[in-house]
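Working notes, beginning with the structure itself.
Coordinate-derived values only; no laboratory data. Small disclaimer: the values here were computed from a predicted structure and weren't measured. Neighbour counts are summed over all protein chains in view; Cβ atoms, including those assigned to glycine, are modelled from backbone coordinates with ideal geometry.
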Amino acid sequence: MSVTTPVKDNPDLVEIARLKALKGGWPEGPSCSFRSGRKTFWAWTVATFFGAGFGKPGPGTWGSVAAVLLWWGTAYFFNPSSGWMLGLTVAGVALAVGLGVPAATIAEREAGRTDPGFVVIDEVAGQWITLLAITGAHRDSGHILLALLLFRLFDVTKPFPIRKLENLPGGWGIVFDDVAAGLYAWAVLLLVSHWI
């Protein structure tokens, strides 16, 4: 009968566990952990917004920037009418929230961490909500940059009652605090865009 040494009593195992935790549990090398069955592919793809959440430093900012670039690219290259742009942005928000809540819940559970930083679908939803304020007009770079800055400001500072929304279970808390931050930023951007 073999005796198993507890992890805490083995310095080598402790160091391995620490390094894996720093990497978020992702293996090194070209092998993809999605294939190992430890990660749910669709959930991690959505939760990280196609990998934007792995950007360093500040994965939330990378998620917001990715959302802005996708929105701007759609506006610039396809030049849809105001009605179409509004419809596309609302559809994007609905998809980000509708898929984001279960995806964030799964990714959080599989990562073994509460509200892991790499989950950025919440920033995507909040950023697109903010951009709703300028879908009809003011699609210039200045207003788009202001939308990004305002959303990041409210997402980081979390004025009342945003911080309370983080207490919702699983993906609900992850996503809905950023939805609220997006609503704050949307309101401010809507007011500012009337004067600027």
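Structural remarks
- Projected label distance in nm at LEU191 and ASP115, using a 7 Å step from Cα toward the beta-carbon: 2.5 nm
- J(HN,Hα) series, segment 69-81, from Karplus relation 6.51 cos²θ - 1.76 cosθ + 1.60, nearest Hz, glycine and proline x: 5, 5, 5, 4, x, 5, 5, 6, 7, 9, 6, x, 5
- Taking 0.36 nm per residue of sequence separation and removing the Cα-Cα distance, the PHE41/LEU86 pair yields an extension gain of 13.2 nm.
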